[in-house]
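Written below as structure tokens is the structure these notes are about.
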Amino acid sequence: MTAALPLSLFASERVYARIYPQAVANNLAVLKRTLARDGGAHAPRIWATVKADAYGHGVAQILPGLRDADGLAVMHLTDAHICRDAGWCGPILVMAGLAHASEIALLDMPGLHLLLSRETQLQWLAAAPVLRAPPAIWLRFRGDIGMIGFDADTYRQAFAQCLALASTGRIGAHIGHLNHFGSAERADGIDEACARFTAVVHDLPGPRSTSNSAAIMRHQVHAVATDWVRPGLTLYGASPLADRTAADLGLLPAMSLHARILDIRTLAAGDRLGYGGSFKAPMPMTVGLVNCGYADGYPRHAPAGTPVIVAGQLTRTLGAVTMDLMTVDLTGLIAVVGAPVVLWGDPALPVERVAAAMGTIAAELLTGLTRRVPLLTVPMR
Ligand SMILES: *Cc1c(COP(=O)(O)O)cnc(C)c1O
């Protein structure tokens, strides 16, 4: 619906996100340096996690920034085909494996790695045709999150089934072992999870994959010793650790969200604003109306006081976010109608800080932009 409008109109009048593949390239380089601390001879390979359309940034938009990744990790087989169509020729890990028996038809793609978490997926594969390039298989250990995967009692049985399947040529000989940590941001958050994983896989052949962003940044020694790591959030420039900012870690935001001041109003002390009069001015105030709302993906539950930047000045939201509009405090600021607003992604306003003010996490905001918000890619230098 909006696609036919000129980009210059978006850039001046509408909510839009800027996407920076150059920042993704920078962040990937930061991760590589972090993982090469032992000299780099045995640095793990990197599955660049691009599930949820690259955390809301658009896979095709950020792909130029991922040229140095060893593989892409997506959620669904259909996403793997989208990555191929967008020009990615390297390995692709499909984290949901097969969602349904009918997805067998999507397996005919060289470089495919399937993560299996359930017995039924093995049964579907056993009934699959033999392909020229059968998929590589990874088994998911249930781990400390406990949500999905084979547990300590079923894992080795699943591995034996994989060996049998590999001998029929339906899957590749490569069978890897994958664990995902639930508390990696804590200093002692992976010890027990590692011990339980190792107890199950210690004598099995095949590569290991552990470590999301938090595990890489907090447990570098462990991450360096694994074969493949799987960063997501850090690639997009957000810190996964509450006590380190993205800037501390050398990360650059890959998305910024922009809007405009539509109108400026002066409130007397006691004046009310918004549905149900949700905001009551405690003193005379200048208020800016911003053309962004929850239908754009700025959460309705964002409390008054959430930080925003108006014309380069840090200020805060007031009252409730509506479908299309929100209000910000302009008292004492220099701002005119049409002034630019940055909702997150400015170096002075990292998305994780905005998320913390809303009681959520950066990944929820980044993946929550709606179709109404155009993504304007800033080409790589
Ligand atoms: C999402 C996901 C990741 C990436 O996590 P981040 O915290 O964004 O780095 C890694 N592994 C698995 C299995 C995931 O689901």
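Hey, quick one: spin label on Ala247, modelled 7 Å out along Cα-Cβ, who in region 344-381 has an amide N within reach, i.e. under 19 Å? Answer for this model: 344-357, 362.
A Cα-only calculation for region 108-172 places Rg and Dmax at 12.0, 37 Å.
Modelled spin labels at Ala348 and Met283, positioned 7 Å past Cα toward Cβ, are 2.2 nm from each other.
Residue exposure proxy: Glu192, Glu364, Glu352, ordered by other Cβ atoms within 10 angstrom of their Cβ from fewest to most, comes out as Glu192, Glu364, Glu352. For region 174-179, the Karplus equation 6.51 cos²θ - 1.76 cosθ + 1.60, evaluated at θ = phi - 60°, returns couplings of 6, 10, x, 10, 10, 10 Hz by residue, with Gly and Pro reported as x.
Kirkwood hydrodynamic radius (Cα pairs, Å) of region 239-347?
So the Kirkwood estimate lands at 14.6 Å.
For the chain, the equivalent ellipsoid derived from the Cα gyration tensor has semi-axes of 44, 22, 19 Å, listed largest first. Backbone amide hydrogens, once placed in the peptide plane, bring Asp70 within less than 5 Å of Ile46, Ala48, excluding anything fewer than 5 places away on its chain. For Leu139, the residues 5 or more places off, or on other chains, whose built amide H falls under 5 Å of its own are Leu116, Gly176, His177, Leu178.
Proximity of backbone amide H atoms, modeled 1.01 Å from N, is registered between Val308 and Thr315, Arg316, Thr317 at under 5 Å, excluding neighbours fewer than 5 places apart on the same chain. The long axis of helix 191-201 is offset from the longest Cα principal axis of the chain by roughly 30 degrees. In region 21-236, taking the dipole from charged Cβ atoms about the Cα centre, the farthest positive-side position among His174, Gln61, Ala223 is held by Gln61. Each 10 Å bin from zero holds the following percent of Cα-Cα pairs in region 195-241: 26, 48, 21, 5.
State log₁₀ I(q)/I(0) for region 21-236 at q = 0.12, 0.14, 0.17 Å⁻¹ as given by the Debye formula over alpha-carbon point scatterers of equal weight, solvent excluded. One equal scatterer on each Cα of region 21-236 leads to -0.61, -0.84, -1.23. Residue exposure proxy: Asp108, Asp329, ordered by other Cβ atoms within 10 angstrom of their Cβ from fewest to most, comes out as Asp108, Asp329. For the pair Thr198 and Thr331, a Förster radius of 41 Å applied to the C-beta separation gives a FRET efficiency near 0.10, rounded to the nearest 0.05.
Please identify which residues in region 286-315 have an amide N closer than 17 Å to a label point set 7 Å out from the Cα of Ala269, following the Cα→Cβ vector. Flagged as within label range: 286. When His174, His113, His42 are sorted by how many other C-beta atoms sit within 10 angstrom of their C-beta, beginning with the fewest, the order is His42, His174, His113.
Each residue of region 317-322 was assigned a 3J(HN,Hα) from its phi angle through the Karplus curve 6.51 cos²θ - 1.76 cosθ + 1.60 (θ = phi - 60°); the sequence is 7, 10, x, 8, 7, 9 Hz, with glycine and proline shown as x.
Hey, what number do you get for the chain at 222 nm if only DSSP H runs of n ≥ 4 count, each worth -39500 (n - 2.57), divided across all residues, to the nearest 500?
-7000 deg cm²/dmol
Quick note: the coordinates plus some simple rules give every number you see, no bench work behind them. Treat the numbers as computed from the prediction; the structure is a model and nothing was measured. Every residue, glycine as well, gets a Cβ built from its backbone with ideal geometry; the counts of neighbours run over all protein chains shown.
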